[in-house]
Amino acid sequence: MKFRDSRKGEKETVVRLFVSVFSDSEGKEEGKLLGQLARELFESSNETDLFNFVAEIDGQIVGSIFFSRMVFENEDAAFILAPIAVHSEHQGKGIGQGLIKYGLGEFKACGVTFVITYGNPKFYEKLGFRAISSEDVKPPFELSQPEGWLGLSLDGRPIESLLGNSSCVKALSNPVHW
């Protein structure tokens, strides 16, 4: 298995992966929603505000993860890990964790300080994320599942130093994703 940055010509493959994975697990509407989110992340985000990494086996993309920039009032920046998809036939094999570790390693190497995610605490806590209060680290929109708001400091600074209201990339600026 190989982890790497996605390439320009792989947008449609990544979008189809998100549609397929979330249609299989959550239903066609969720698949359509997450496929559209992936497309919008690619199409509406500034190059410096978005990272997409993929997992590849024998030349086939079997996993994908997005990290996009969030900015806080005190001008600190973080990246939010969302969304992530692993092909249904390849789930449970550590590909999702491998993608996350790969992305975190890339960020640490280039000086990114904080990564936030909004997901299953049991899964993300295995990777060093910890629950954070939405009052201490404000999400851009009200959270439908506040227990899923998680953060990770890559340099030891307290994640609660992210002060004030936050904003995110255009594709995630829709309350339906929160």
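The values are calculated or read from the model by the stated rules, or taken from the named source; none is laboratory data. Computed from a predicted model, the values in this text were never measured in an experiment. Glycine also receives a Cβ, built like all others from the backbone with ideal geometry; neighbour counts cover every protein chain displayed.
Some notes on this structure:
- Evaluation of residue 103 against (1) in contact (Cβ under 8 Å) with a residue 40 or more places away in the chain; (2) of a type in the set (Gly, Ala, Ser); (3) under 17 Å from residue 6 (Cβ atoms); (4) surrounded by fewer than 19 Cβ atoms within 10 Å (Cβ to Cβ) (one fails), failing number: (4)
- Within the stretch 68-88, one or more residues are in contact with a strand residue (DSSP E or B) (Cβ under 9 Å, 6 or more places away or on another chain) and over 21 Å from residue 178 (Cβ atoms).
- Residue satisfying all of: in the stretch 118-145; under 13 Å from residue 159 (Cα atoms) and of a type in the set (Lys, Arg); surrounded by the fewest Cβ atoms within 10 Å (Cβ to Cβ) among these: 130
- Selection of the stretch 1-20 for residues being outside any helix (DSSP H, G or I) and without any contact (Cβ under 8 Å) to a residue 40 or more places away in the chain yields only 7.
Yes or no, residue by residue, for (1) part of a strand (DSSP E or B); (2) over 11 Å from the mean Cα position of the chain (by Cα); (3) surrounded by 16 or more Cβ atoms within 10 Å (Cβ to Cβ):
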residue	(1), (2), (3)
69	yes, no, yes
75	no, yes, no
80	yes, no, yes
85	yes, no, yes
99	no, no, yes
108	no, yes, no
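- Filtered by the rule that a residue be polar (S, T, N, Q) and in a loop (DSSP other than H, G, I, E, B), the stretch 21-63 gives 45, 46.
- Where residue 51 falls short, out of the listed (1) buried (at least 17 other Cβ atoms within 10 Å of the Cβ); (2) more than 15 Å from the chain's Cα centre (by Cα): (2)
- Candidates 73, 12, 40 - the one that is under 27 Å from residue 175 (Cα atoms) and at pLDDT below 95: 73
- Members of the stretch 112-134 found to be free of Cβ contacts under 8 Å to residues at least 40 places away in the same chain and in a loop (DSSP other than H, G, I, E, B), listed by number: 119, 120, 126, 127, 128, 129, 132, 133, 134
- Of the listed requirements (1) surrounded by fewer than 20 Cβ atoms within 10 Å (Cβ to Cβ); (2) farther than 18 Å from residue 66 by Cα, residue 166 misses just one: (1).
- Pick from the stretch 150-163, criterion farther than 16 Å from residue 67 by Cβ and touching a residue at least 24 places away in the same chain (Cβ under 8 Å), ranking: surrounded by the fewest Cβ atoms within 10 Å (Cβ to Cβ): 155
- Test: residue 95 is buried (at least 16 other Cβ atoms within 10 Å of the Cβ) and either free of Cβ contacts under 8 Å to residues at least 40 places away in the same chain or closer than 23 Å to residue 171 by Cα (or both): no
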